[in-house]
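What follows is a set of notes on a single structure, which appears directly below.
The values are calculated or read from the model by the stated rules, or taken from the named source; none is laboratory data. None of the values given here were measured: they were computed from a predicted structure. Every residue, glycine among them, receives a Cβ derived from its backbone with ideal geometry; neighbour counts consider all protein chains shown. Ligands, DNA and RNA are excluded from the accessible area calculation, which covers all protein heavy atoms including side chains. Shrake-Rupley method; radii C 1.70, N 1.55, O 1.52, S 1.80 Å.
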Amino acid sequence: MLGLGIVGLPNVGKSTLFNALARARALVANYPFATIDKNVGVVAVPDSRLEVLQRLYLKDGRQPPIVPTAVGFVDIAGLVKGASRGEGLGNQFLAHIREVSAIAHVVRCFDDPNVTHVSGQGDPLYDIEIINTELALADIATLEKRLDRLRRSAKANQEDALLVEVGTVLMAELSQGIPARRSRLSVPPDFNLLTAKPVVYVCNVAESDLATGNQQVAAVQALAQHEGAEAVVISAKIEAELAELGIEEAREFLRDLGLFEPGLSRLIHVGYRVLGLITFLTANEREVRAWTVRRGTKAPQAAGVIHSDFERGFIRAEVIALDKLVEAGGMLQARTKGWLRSEGKEYMVQDGDVIHFLFNV
């Protein structure tokens, strides 16, 4: 499945945010953005550890190129009340959101009389409720159809009988306003429920509220905390302006705003984490590279991300923490000092591991 779907009501800054992501390559130098089609993009995950590794492999005044890992974003059609019944672009919205693994829910946390608010009021919690309700109604319709089929087969199939019990509980919870991701039960993935997808709330604020937030932001953050979700504060307008500047100009602009990094970088990192992804690193004189695996991936499968032969002929992984590698001065020196850990097939890769795989096909 694709990465994060950027969702929200019309006129909340959703497309401005997506377009800023598309242009952000100007700010993050060689972190590229690739457009797959008109509303799907893959943006690199900024990672300062790559630059640290790169400096270790300086040779003849030249450093190896950096290849970052990436995460996908999808600009999904704006949703309106009644989308679950096909209002507006509801059917398109629901179809696209089924294809993503998580939701970046953009919420308008600014007041601007020149920008029409679709619901006629500036209440972010009400806006969130509209989308949550439409997703829940869509899930209820999905479950009704699924339960009809399962009940017919449940008498002869014990597994289907158990699924009927699970689906019935989920239906009751959805009717009470409880999304599937907060259910007391484990939701079967093949139910493909929209409300089971993890959510990041993206509070889109005016420039004046970027550093300090406002009451609307505080309300969204409280809701996110209650749900066990994450909230990121950005100004889509500022991000679009930053993306048009050169690297040094953008850094100076950020300093003037009292910020250390673009809001897009925070959103990318949070989204990456919400997707359950981690990064391991490899480095040599030819290339310094970040690789993506799911949290809980074991060493042979991580090796397979690089090349299937690495997994097929996996012998062991030599692993070291980046700070220890820097202290040693490089992989060769770390090996001489005996600082490389030798890990076998059951080793679970950790975020930030620097790994050298040994294999024999």
Task: Filter pass, GLN225 being of a type in the set (S, T, N, Q), over 20 Å from PRO262 (Cβ atoms) and in contact with a strand residue (DSSP E or B) (Cβ under 9 Å, 6 or more places away or on another chain) - done: yes
TODO: Restricting attention to the range 150-201, report how many residues are out of contact with any strand residue (DSSP E or B) (no Cβ under 7 Å at 6 or more places or on another chain) and outside any helix (DSSP H, G or I).
DONE: 15
Open item on the list: Which condition from (1) under 30 Å from the mean Cα position of the chain (by Cα); (2) modelled with pLDDT under 90; (3) open to solvent by 30 Å² or more (accessible area, probe 1.4 Å); (4) not hydroxyl-bearing (Ser, Thr, Tyr) is the one that ASN157 breaks?
Closed with: (1)
Task: Out of ILE247, ILE268, sole residue that is of a type in the set (A, V, I, L, M), out of contact with any Gly (no Cβ under 8 Å at 6 or more places or on another chain) and exposed (fewer than 13 other Cβ atoms within 10 Å of the Cβ) - done: ILE247
- [ ] Hey, can you tell me all the residues within the range 266-305 that are closer than 17 Å to LEU50 by Cα and over 21 Å from the mean Cα position of the chain (by Cα)?
- [x] THR282, ALA283, ASN284, GLU285, ARG286, GLU287, VAL288
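How do the helices (runs of 4 or more DSSP H) wholly within the range 250-338 filter down when requiring 2 or more residues that are within 22 Å of VAL200 (Cβ to Cβ): which remain?
Because the criterion is at least 2 residues that are within 22 Å of VAL200 (Cβ to Cβ), the helices (runs of 4 or more DSSP H) in the range 250-338 that meet it are 263-274.
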Open item on the list: Quick check on this structure: which one of GLU252, GLU261 is more than 30 Å from MET331 (Cβ to Cβ), surrounded by fewer than 19 Cβ atoms within 10 Å (Cβ to Cβ) and not aliphatic (A, V, I, L, M)?
Closed with: GLU252
Task: Filter pass, ARG295 being open to solvent by 80 Å² or more (accessible area, probe 1.4 Å) and out of contact with any Cys (no Cβ under 9 Å at 6 or more places or on another chain) - done: yes
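Would you say ALA83 is open to solvent by less than 60 Å² (accessible area, probe 1.4 Å), among the small types (Gly, Ala, Ser), modelled with pLDDT of 85 or more and more than 30 Å from GLU51 (Cβ to Cβ)?
Spelling it out, it is not the case that ALA83 is open to solvent by less than 60 Å² (accessible area, probe 1.4 Å), among the small types (Gly, Ala, Ser), modelled with pLDDT of 85 or more and more than 30 Å from GLU51 (Cβ to Cβ).
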- [ ] Evaluate the following for ARG289: is it open to solvent by 40 Å² or more (accessible area, probe 1.4 Å), farther than 21 Å from VAL71 by Cβ, among the basic types (Lys, Arg) and modelled with pLDDT of 95 or more?
- [x] no
TODO: Under 6 Å between Cβ atoms, at least 6 apart or on separate chains: pull out the pairs that start in the range 249-272 with a residue that is more than 15 Å from ALA236 (Cβ to Cβ) and end on any residue that is modelled with pLDDT of 85 or more and of a type in the set (Asp, Glu).
DONE: VAL270/GLU230
- [ ] Can you confirm whether the range 317-325 contains a residue that is touching a Ser or Thr at 6+ places or on another chain (Cβ under 9 Å), closer than 23 Å to VAL45 by Cα, open to solvent by less than 80 Å² (accessible area, probe 1.4 Å) and at pLDDT 95 or above?
- [x] yes
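Do we have VAL199 as among the β-branched types (Val, Ile, Thr), within 18 Å of the chain's Cα centre (by Cα) and either under 23 Å from GLY276 (Cα atoms) or surrounded by 14 or more Cβ atoms within 10 Å (Cβ to Cβ) (or both) here?
Details: among the β-branched types (Val, Ile, Thr): yes; within 18 Å of the chain's Cα centre (by Cα): yes; either under 23 Å from GLY276 (Cα atoms) or surrounded by 14 or more Cβ atoms within 10 Å (Cβ to Cβ) (or both): yes.
Taking the combined requirement at face value, the residue satisfies it.
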- [ ] Take the range 290-318 and flag every residue that is within 21 Å of VAL361 (Cβ to Cβ) and among the charged types (D, E, K, R).
- [x] LYS298, ASP309, GLU311, ARG312, ARG316, GLU318
Task: From the options GLN121, GLN54, residue that is of a type in the set (S, T, N, Q), open to solvent by 20 Å² or more (accessible area, probe 1.4 Å) and either farther than 26 Å from GLY213 by Cβ or modelled with pLDDT of 90 or more (or both) - done: GLN54
- [ ] List the number of the failed condition for GLN225; all other conditions in (1) within 21 Å of the chain's Cα centre (by Cα); (2) open to solvent by less than 60 Å² (accessible area, probe 1.4 Å) hold.
- [x] (2)
